[in-house]
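These notes are about the structure you will find just below.
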Amino acid sequence: MKKMNASIFTFFVIISTIILRSTAISSNDLLGVAPEDEMYYKGLWSSGTIKCKDGSRTFTKSQLNDDFCDCFDGTDEPGTAACPTGKFYCRNAGHSALTIFSSRINDGICDCCDGSDEYDGKTRCNNTCWEAGKVARDKLMEKIALYRDGVAIRKHEVEQAKVSAAKDEAELSNLKNEEKILKGIVQQLKEHKERIEEAVEKERIQKEKEEKQKKEAEESESKEHKDEEKNDAEEQEHVKNHNVEEQEPVENNDNEAAVLDDSSSRQNTKEDPAEVVQNAHASLDNGEKHDPKDEEVPEFVHESEPNTGVGSKGEDAPKDIDALSKEDLGREIGSRWTGKKTEQQNHDAKNDYDEENNEYDTETDEDQYYDHDTEAHRDDVIDDSSSSYNYDPDDDMDMLDTETESSPSWFEKIQKTVRNILQTVNPFQPPVDISEAENVRKEYDEANTKLSKLKSRISRLTKKLAHDFGPEKEFYSLYGQCFESKQNKYVYKVCPFKQATQEEGYSTTRLGKWEKFEESYNVMLFSNGDNCWNGPDRSLKVRLRCGVKVELADVDEPSRCEYAATLTTPALCLEGKLKELEDELEKQPQPHDEL
Amino acid sequence: MKSIVVLHHLLLFFFLLFSHVSSWKKEEFRNCNQTPFCKRARSRKPQHCNLIATDVTINDGDLVAKLITPNRFEQNPDQNSTDFQPNPLILSLSVYQDGILRFKIDEDPVYNPPKKRFQVPDVVVSEFESKKLWLQRYTKGVIDGESFFVYLFDGYEAVVRSDPFEVFVREQSSGKRVVSFNTHGLFDFEQLRVKKEGDEWEERFRTHTDSRPFGPQSISFDVSFYGADFVYGIPEHATSLVLKPTKGPGVEESEPYRLFNLDVFEYLHESPFGLYGSIPFMLSHGKSHGTSGFFWLNAAEMQIDVLGTGWDAESSIVLPSDQKRIDTLWMSEAGIVDAFFFIGPKPKDVVKQYASVTGTSAMPQLFATGYHQCRWNYRDEEDVKNVDSKFDEHDIPYDVLWLDIEHTDGKRYFTWDRALFPHPEEMQKDLFSRGRRMVTIVDPHIKRDDNYHIHKEASKNGYYVKDASGKDFDGWCWPGSSSYIDMVNPEIRSWWADKFAYSEYVGSTPSLYIWNDMNEPSVFNGPEVTMPRDALHYGKVEHRELHNAYGYYFHMATSEGLLKREGGKDRPFVLSRAFFPGTQRYGTVWTGDNIAEWEHLRVSVPMILTLGLTGITFSGADVGGFFGNPDTELLVRWYQVAAYLPFFRGHAHHDTKRREPWLFGERNTELMRDAIRVRYTYLPYFYTLFREANVTGVPVARPLWMEFPYVEATFNNDEAFMVGTGLLVQGVYAQRARDATVYLPSDHTWYDLRSGTAYKGGKTQKVEVTDADIPVFQRSGTIIPRKDRFRRSTVQMENDPYTLVIAVDGSGSAEGELYIDDGKSYEFKEGAYIHRRFIFSNGMLTSVNLAPSTSKFESDCTIERIILLGHTTKSKTARIEPSNQVTDIELGPLQIRSGVRSSVLTIRKPNVRVSDDWNIKLL
């Protein structure tokens, strides 16, 4: 009986050994192999040889982890450092599994928390997986909580965005209709006005002829003078009402092109003659960063140490270094290595100028509406924290727009008035009723002003809607907002879809204009900022992260004039990602594993 | 030939005109015409010198003579004052072992010259004097007049001809000359005088005035090299390996090669203009004689003309016409004649002879031979951490992370900007936990700030260089107003060295090493961006007398500091920009502020080869180019070329875009990783070569002609170079190159290491080039050790096994060496190292011990793979003795790298220990 038992036992052992041999492979054999790859290696036990994963050759079981590289891709050495491209899998029980480069195996540094990468006995690694795993799990849970909140907010925002976008689109098409009608009215009024004016002119010429003979000599001179004065007065009128466009070229029947033309013509008209030169200079400066006026004055400011100072000057301005004092000469020569800082100074000066005269912003039509008093906002900024605010692109909209949105009454009114005028005033029956003519002109001006406002509103809306707000318009709410972060002496400000700046005191440096999203909506790119001497135009990459609030952080300049920052936003809290995180948590060892 | 030279200058002219007019400020530097001694010397005609050697005697083992101006000659037209009667000069000539002739010419103290002329101390190694051959006698004879002969070396003699005075070396049997001095009578020695009424000694350059209180004191002379096809050496110039003629028929408007250490902003890649360092050592090489050398130990400004054939057509000097000859003119502002002739006759003989005078290069630590990552500037601790972790993330090995000037507190060296680097020790320890070192910069200009401890001590102790009036010299550099430590004084050097003690340099740890920049010295508001020549050093020596050696003494003091802090146990690593003969004993140099252009990549190769020829083998150029942004292809190529050059460091100006290897997309990351890994693969070979350089002075990277001195086609090749005797590296210096033209020297088979393809030598081969690598060939008859595993840094590679690559020659044999030590200490000097010679012949590889049998150094490293190139065998196995094991032979890869497919005979897993004697026989 005993003997029998023993032999049964022996038999059992043999059988199970055979079974183990053929099916289960001990973990030592498959050192460094990820569980999902174990199948691949089974062939070694069944047929004796298998192919390297890249198909380059075959290898035998004895070549598996024999510390000699047979496969280019490291298939035969998952557990040793023999192959340069190999990967080692550590199980890290209690924490997440990890795949490391085979260059880390037995290199004296503990890379896996379970220490499985250091098995040659030369280095002792403590198993830190449970502690590390707990920290990681806690973090993961925090992250999941954040994502859960974020996903909810995002959902809400996406819905909001749909509503807002639909509203904006509806408004746009509404405005376009109104524009069409208003255009017709303006055209009618214009024709009417012209006819009246023609008639008036005829009458005037008639009258003039009569009076001419009498006063010709002395009158002509004083009259010219008066005309000039009148022109000047008109010019000033333009400047004051910078939203008003007097000479609306109604002949332009195409809204988009007309609007663009308008904006440029308006810029021209709105400029005070006295400031034209300076303004032209400023815009020139925009293109080429050399301000010859400032270049003549050498600036001695060192980048990191303003008080020691290293000289600088315009690169191309020839300078007689022999004329410098010893100290200035030292600064001047040193500045060749450190780079010239006058450009920065020039530009700051220019920006100051721009801010003081912010109606002279030479940017696009839209930018004008973004202008705001940065000082006022800065007061709200809490030290070293990020903050945000709206710049409302509609701030400057006057009553017209509220009317537009609230009721169509003005529209009916104007249509009615026009009808009346057209009926009552007949320019073909002289003498022309002067008050009626005035009336027509007034109505025409009014309608024209309204038309131009309508156009700029259309233009802004068109531009807004032309932006890419993400596949679900999840970034819609960021439009018209700015986010700030204060770091040391600088305030960084990021306005999505518009621009990014760095402010120091009163000087502003533009880090970039809105360019686009990159890396499938994970990065916002602002490019073509202010130019750096001897370097590129400034640019900023804003990496987006999931967060319940929109906050700007980690502004950095990894390469000269190439900035980086992160912005948290619910828009990045994707449901799929949340699911991934939850799955990851699911896979994490549960507390009972500890036992 | 003439038209080529003209074309060359025309091109140079257009280049100057259009491409770099705004960067290199030519007018801010003196040319020869603005330098009175140079202008005068250059305008002299042959046979100007009328000295004769008299009173020849043997004294203390030297041959001594007086050089006098005989009365029969007219007054020297060069001397202004009519009543001037030159005093006799003293010539003393000594002979040293291995074919070295040294001769000095100085004023005779008997005549009480106003001042002792400066002789450069601490350059000639102390052992050199022990190699002196004590002269007992001379023989007298007649060669174009009375001459005195002394034995120099087997088959060579030194000759002093009396009238006209001349010194030369010739082969005894044939009488063929090797190298000569004053053959053209251009020797001139301006003796110091007492200033007289009406003497105008001041010199002005731009706004700077040099008071020149001792008046003119320059020296010039001609040196001729016989049997010479080309001359080489005299760094540092950004120019071709071969020194082109600067004067003579067909050469117009050219400057001499200038040796004056200067901080040159955006230097040109093709110019005789002097850069950061100076080594007045020239080598000549030709098919008929071989190699010879001339070295002038002098630290004042020097100008050297290479005279084109026919420059002396109008003189009546008759020289043997059967010997090709290159004449040169040497001019220096001050000092004495302390000159050395090296007879060669092989290239390696000359560099060894030079090394016996100035020393061989220091044995670097193993880590220093790896890859270095630098930038002006890694901003703060976070930046450092981030860059470091990116190397790991991309599995790219590197050994050292560097911090430039911005890491300091206001450019006060030995301090830290605590806002950016609050925890320097922790930062260094963290890096070192992964085997990585750190290097910080320490420059010689000291901020004049009374709260700065270095300044306080230096000013209190009078350790600064003085201006002409005797006050501490005050110049402008990075920190603003600065003074400069007077490193010529050994006491001050010792004080400086103490500043590197861990207790003094707060925040430093044993894994921190040093970088010396701006040590020309650079003085932003000084004449030519350096120190005024009338500034005064220790011993009342004027700066003009030692200018070129200032940076050398600074480098020396810093190196001594690192040695001291570890009680002499840890080999220092100090990188210096300025250099002088002897620098090789103290550390490494790099070629300064180069530019991210293909031409600068190209010129970096001859610049580094020239440094190697003149003693400084551990040198390199900033990978990628310091100024400007390299396009990606250039950057990748730069890594691929620089991986084979001795000092391998990426560096960039702060205005450039970041360019760490992982920033240019996956493919380019892979290419740069491969380039860096290739370097790490060959580290055992490099380290063995560094050891050879340490013992013999033969450089790691060599011009082809050093290995193939009889192959004329190699003489002016500076696009390719040899690493040791075994590897030929062909650089790629053009955009979108699809192929490369490679000259493979004769009588060898060359194995393309990309494919294993064998090429017959003796002709120019056109080989395919891809973006993956540059063409590199292993020469038949060599065995090269590698380590084919990659780690984070050299530290983790210590125990990894070796691969041997055997390329057999026509007779089926090959040889190679492997040197291993602890990689950091000086125990190798006590014999603690492994040195093996591998010999393969008749199908058997044998490992022979070259180290002392008492060696205490041990290694468990084995050889995991032996690759056989050019060997045909049908055997499938090999037997290892004495263990009597049998191992497999199979087809395997030549390199284990993605995309490289090659099948070469491989002995699999012999697993013999490198420290043991064994042999492996193919069965």
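The values are calculated or read from the model by the stated rules, or taken from the named source; none is laboratory data. What you see is a predicted model, and the numbers here were worked out from it, not measured in a lab. Note: ideal-geometry Cβ built from the backbone for every residue, glycine included; neighbour counts use all protein chains shown.
General observations
- From the options B:ASP860, B:ASP888, B:ASP916, residue that is within 14 Å of chain A (Cβ to nearest Cβ) and assigned to a loop (DSSP other than H, G, I, E, B): B:ASP860
- Test for A:GLU118: is it within 14 Å of chain B (Cβ to nearest Cβ), more than 38 Å from the chain's Cα centre (by Cα) and charged (D, E, K, R): yes
- Test for B:VAL805: is it β-branched (Val, Ile, Thr) and in a helix (DSSP H, G or I): no
- Matching residues, the stretch B:902-913, being surrounded by 14 or more Cβ atoms within 10 Å (Cβ to Cβ) and either in a loop (DSSP other than H, G, I, E, B) or outside the structural domain of B:ARG789 (by TED's automatic domain parsing) (or both): B:SER902
- Subset of the stretch A:89-111 [touching a Leu at 6+ places or on another chain (Cβ under 6 Å) and either assigned to a loop (DSSP other than H, G, I, E, B) or at the interface with chain B (Cβ under 9 Å from one of its Cβ atoms) (or both)]: A:ASN92
- Looking across the stretch B:119-132, the residues that are over 30 Å from B:GLU542 (Cβ atoms) and either of a type in the set (Gly, Ala, Ser) or crowded, with 16+ Cβ neighbours inside 10 Å (or both) come down to B:SER130, B:LYS132.
- Test: B:TYR743 is aromatic (Phe, Trp, Tyr), outside the structural domain of B:PRO397 (by TED's automatic domain parsing), more than 20 Å from B:PRO606 (Cβ to Cβ) and under 28 Å from the mean Cα position of the chain (by Cα): no
- Scoring B:VAL529 on the criteria (1) of a type in the set (A, V, I, L, M, F, W, C); (2) within 19 Å of the chain's Cα centre (by Cα); (3) at positive phi leaves a single failure, condition (2).
- Check on B:TYR733, assigned to a strand (DSSP E or B) and of a type outside the set (Lys, Arg): no
- Whichever residue in the stretch A:32-65 is modelled with pLDDT of 90 or more, part of a loop (DSSP other than H, G, I, E, B) and touching a Ser or Thr at 6+ places or on another chain (Cβ under 8 Å) and, among such residues, is nearest to A:ILE100 (Cα to Cα): A:GLY32
- Top-ranked residue of the stretch B:485-503 - restricted to ones that are aromatic (Phe, Trp, Tyr) and farther than 14 Å from B:HIS555 by Cβ, ranked as nearest to the other protein chains (Cβ to nearest Cβ): B:TYR502
- Candidates B:ALA693, B:ALA713 - the one that is assigned to a helix (DSSP H, G or I), within 18 Å of the chain's Cα centre (by Cα) and not aromatic (Phe, Trp, Tyr): B:ALA693
- B:PHE265 over 19 Å from B:THR583 (Cβ atoms), of a type in the set (A, V, I, L, M, F, W, C) and within 14 Å of another protein chain (Cβ to nearest Cβ): yes
- The criterion of at least 3 residues that are outside the structural domain of B:GLY227 (by TED's automatic domain parsing), closer than 24 Å to B:HIS48 by Cα and not acidic (Asp, Glu) is met by none of the strands (runs of 3 or more DSSP E) falling completely within the stretch B:128-201.
- Count of residues meeting criterion [over 18 Å from B:LEU663 (Cβ atoms) and more than 14 Å from chain B (Cβ to nearest Cβ)] in the stretch A:532-552: 10
- Evaluated against (1) away from chain A (no Cβ under 13 Å); (2) farther than 30 Å from B:ARG679 by Cβ; (3) surrounded by fewer than 21 Cβ atoms within 10 Å (Cβ to Cβ), B:ASP449 falls short on exactly one condition, (1).
- B:PHE149 being more than 30 Å from B:GLU333 (Cα to Cα), modelled with pLDDT of 95 or more and either in contact with an Asp or Glu (Cβ under 7 Å, 6 or more places away or on another chain) or polar (S, T, N, Q) (or both): yes
- Filter result for A:ILE105 (closer than 30 Å to B:ASP430 by Cβ, β-branched (Val, Ile, Thr) and touching an Asp or Glu at 6+ places or on another chain (Cβ under 7 Å)): yes
- Filter pass, B:ASP655 being modelled with pLDDT of 95 or more and acidic (Asp, Glu): no
- Of all residues in the stretch B:785-802, those being more than 8 Å from chain A (Cβ to nearest Cβ) and of a type in the set (Phe, Trp, Tyr) number 1.
- Just so you know, in the stretch B:885-901 the residues that are surrounded by fewer than 18 Cβ atoms within 10 Å (Cβ to Cβ) and under 38 Å from the mean Cα position of the chain (by Cα) include one that is modelled with the highest pLDDT, and it is B:ARG901.
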